[in-house]
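The structure under discussion appears below in the form of structure tokens.
Here, each number is a calculation from the coordinates, and none is a lab measurement. For clarity, every value in this text was computed on a predicted model and none was experimentally measured. We place every Cβ from the backbone using ideal geometry, glycine too, and count neighbours over all the protein chains shown.
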Amino acid sequence: MKKLLNDPNQAAAELIDGLVDYYNGSVTKAGPGAIALTEIAADKVALLVGGGTGHEPIYHGLIGPGMADGAACGDIFAAPPPNVILDATRAVNKGQGVLFLYGNYAGDVMNFKIAAQLAAAEGIRVETVLIWDDVASAPPSDKESRRGIAGLIPIVKLAGAAAEKATDLEELVSLVTLARDNTRSVGVALSPGSIPATGMPTFELDEDSIGIGMGIHGEQGVGVDKMMTADALADKLVDLILADDLPIGSGDEVLVLINSLGSTTMMECLIVLKRVKAILTEKDIKIYDVLLGPLVTCQEMAGLSISFTKLDETLKPLWDTPCSSLGYTKL
Amino acid sequence: MLDRTLSPNEVKEMILSICDKIIASEAKLSEADRKLGDGDHGLGMQRGFTAAKAQVEALDPKSIGEVFSATGMALMASMGGASGAVMGMLYQSGGTALNECEALDAPALSRFLDAARDGVCNLGGAKPGDKTMVDALVGAQEAGQASVDKSLSEAFAAIAAGASDGMEKTKAMIATMGRAKTLGEKSIGHPDPGALSVSIMFNTMNEYVNC
């Protein structure tokens, strides 16, 4: 694997420095791994995201106006430690409290939980909304065991818009919970990514096999299937989402995200989108907006995920507001 | 045989011996993790205990809890990930139970282990039998509870054996948590790397006290 690195063990630290350079002054480092918008409005209810690095542009590439106020970044594929989360929390806190919004993975949950206690001890109010959009990771009756995958992109965008208008932390929690509860995703893995420090693959998959519902680190999904056409795969994935407990049917409006896990090309994503659109049209489900590209990745992992967010009259105006960030910009 | 108590400075020496032992066990722990995870557990532990060593060496401790808590905070801050949180919480919450304690005896050791177990289990939600470090920790904690009437040297020997037993039991278990969960039945036959780390820690404590 040819990969542009210096010291492989410093990859996380160097990419964070590069990210700050990308933002060219609008984002500041508040400590190792902790970054925040340089200017945050006084009295703003703050939105903090975070997780392991190596999945760029998430989460740290989602900082920006109308998006997250700050991010806590861990090592490659590893949750950030509590002190990093606390540094980022202090940097975004404007006295109105901080919402922690991140994916439901054991390491992240534990470290953010400890950080929330440390922040509370300093008098900073913290609430948490976990992202658990992956329908393949556990049954609907056990949402708390579901992983957070690419659905986090529309969720963070909606949360960023909500944070700009929310008058208090409770209002933000309720809007973000609605965005989370209206979002469902499912992915497919075609081939693994690699661990930057070792070059080792993140999981094993036979050449002619694909992992339906497999997580972005190779976590177990629905099952391993034989390679199939883009249309057959799109049918299968859309079925999995529509069979879940969120009713999406005739007359409903949805955001559609086709997310590349890294090396799957825009061509492939567009071919899948064409089929998804056809399925939804046939069911009289209207597409309100489309997101497409490598937004939640695992290095050069091949595969993609499909996410739907069902919009209602509360979420639509939040979606319509502009935002900008490395990962997602809406004019 | 040591039939007295340990002072804060002796506990500091004991922690430093654990740091050296874990740092030297990097290859063994990473090898164990290659069977069940992504193979970086040894490196994470090495990073954590190198940071803990620097932190603890600089201490002039007044209480037993201070030494354990400083160890926990250093592990948490330097390791990250799930293992940083649980290993750090083991020492940090255990240490909090001994904040006022100036002499470590068998009942205090048991209080440390009870608080460590509660802290780790409340944080991560793992139960005995889930094939995690909790199996080794609970092995030590139960042995500690059974040893409150014994001498400190007997108590340390018992918790080391309890941690080893708990670690050995993880070999027959199917992983139900963390990244190893994806392996399902393929995880049988290998010890959980976190349980192996915990077993090394408590056995090093025993060697410090009884050798």
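Charges at C-beta only: +1 for Lys and Arg, -1 for Asp and Glu. How large is the resulting dipole of the protein assembly as shown about its Cα centre, in Debye rounded to 20? Don't skip to the answer; put the middle values down first.
Values: 44 positive and 70 negative charges, 89 e Å.
The dipole of the protein assembly as shown has a size of about 420 debye.
Whole-percent P(r), the range A:177-223, all Cα pairs, 10 Å bins from 0: 25, 41, 24, 10, 0. For a straight C-alpha distance cut-off of 26 angstrom, the lysines reachable from A:Lys226 (same-chain residues fewer than eight places away being disregarded) are A:Lys236, A:Lys274, A:Lys277, B:Lys181, B:Lys186.
In whole Å, how far is the Cα centre of the range A:281-311 from that of the range A:48-116? So the separation of the two Cα centres works out to 23 Å. Could you work out how far helix B:193-210 tilts from the main Cα principal axis of chain B, as a 0 to 90 degree angle to the nearest 10? With both axes taken from Cα atoms, the answer is about 20 degrees. For B:Lys21, a cut-off of 19 angstrom between C-alpha atoms picks up these aspartates and glutamates, skipping any fewer than 8 places away in its own chain: B:Glu10, B:Glu13, B:Glu31, B:Asp33, B:Asp40, B:Glu57, B:Asp192, B:Glu207.
Can you work out the FRET efficiency for the pair B:Lys28 and B:Asn122, with r the C-beta to C-beta distance and R0 = 30 Å, to the nearest 0.05?
Details: r = 30 Å, r/R0 = 0.98.
With a Förster radius of 30 Å, E is 0.50.
For A:Lys157, the lysines whose Cα falls under 19 Å of its own Cα, not counting residues fewer than eight places away in the same chain, are A:Lys44, A:Lys165, A:Lys310, A:Lys316, A:Lys330. With contacts taken as Cα pairs under 8 Å and at least 6 residues apart, the range A:27-180 reaches a relative contact order of 24 percent. In terms of the mean number of neighbouring beta-carbon atoms within 10 Å, the peptides A:83-89, A:235-241 order highest first as A:83-89, A:235-241. The modelled label-to-label distance for the pair A:Lys283/B:Lys35, using points 7 Å beyond Cα in the direction of Cβ, is 4.5 nm. Packing around the peptides A:243-251, A:221-229, A:63-71, taken as the average count of other Cβ atoms within 10 Å per residue, puts them in this order, highest first: A:63-71, A:221-229, A:243-251.
Secondary structure note: in the range A:211-331, about 60% of the DSSP beta bridges are antiparallel. Counting Cβ atoms of other protein chains within 10 Å of each residue's Cβ and taking the mean over peptide A:108-117 gives 5. When both the range B:30-85 and the range B:146-197 are represented by their alpha-carbon centers, they are found 18 Å apart.
Take the residue pairs A:Lys2/B:Lys28; A:Lys29/B:Lys127; B:Lys62/B:Lys150; A:Lys143/B:Lys53; A:Lys94/B:Lys127 and return only those whose Cα atoms are more than 32 Å apart. Can you show the working numbers first?
On the way: A:Lys2/B:Lys28 29 Å; A:Lys29/B:Lys127 38 Å; B:Lys62/B:Lys150 25 Å; A:Lys143/B:Lys53 41 Å; A:Lys94/B:Lys127 39 Å.
Over 32 Å Cα-Cα: A:Lys29/B:Lys127; A:Lys143/B:Lys53; A:Lys94/B:Lys127.
Over all pairs of different C-alpha atoms in the range B:8-210, the reciprocal of the mean inverse distance, the Kirkwood hydrodynamic radius, equals 16.3 Å.
The C-alpha atoms of chain B define a longest principal axis, and helix B:152-170 lies at about 10 degrees to it. Helix B:26-36 and the long axis of chain B differ in direction by around 40°, with both axes built from C-alpha atoms.
Residue by residue along B:115-126, Cβ atoms of other protein chains within 10 Å of the local Cβ number 2 on average. Ranked by the mean number of other Cβ atoms within 10 Å per residue, highest first, peptides A:280-287, A:293-300, B:144-151, B:156-163 order as B:156-163, A:293-300, B:144-151, A:280-287. Computed on the Cα atoms alone, the convex hull of chain A gives a volume of 121 cubic angstrom per residue. Remark: relative contact order (chain A) = 18 percent; criterion is Cα-Cα distance under 8 angstrom and separation of 6 or more residues. Each Lys and Arg contributes +1 and each Asp and Glu -1, all at the Cβ; summed about the Cα centre of the range A:223-308, the dipole is approximately 220 debye. By DSSP, the beta bridges lying fully in chain A are antiparallel in about 55 percent of cases. Counts of other chain beta carbons within 10 angstrom of each beta carbon in peptide B:43-50 average 1.
Treating each Cα of the range A:184-331 as an identical point scatterer and summing with the Debye formula, the log10 of I(q)/I(0) at q = 0.09, 0.11, 0.13, 0.17 Å⁻¹ comes to -0.29, -0.44, -0.60, -0.98. Relative contact order, whole percent, for chain B stands at 23, derived from Cα pairs under 8 Å and 6 or more residues apart.
Secondary-structure-derived ellipticity at 222 nm for the protein assembly as shown, considering helices only, amounts to -15000 deg cm²/dmol, per-run term -39500 (n - 2.57) for DSSP H runs with n ≥ 4.
Assuming a ≥ b ≥ c are the square roots of the Cα gyration tensor eigenvalues, decide whether the range A:10-131 counts as rounded (a/c under 1.5), prolate (otherwise, with a/b larger than b/c) or oblate.
Values: a/c = 1.66, a/b = 1.11, b/c = 1.50.
Note, shape of the range A:10-131 comes out oblate.
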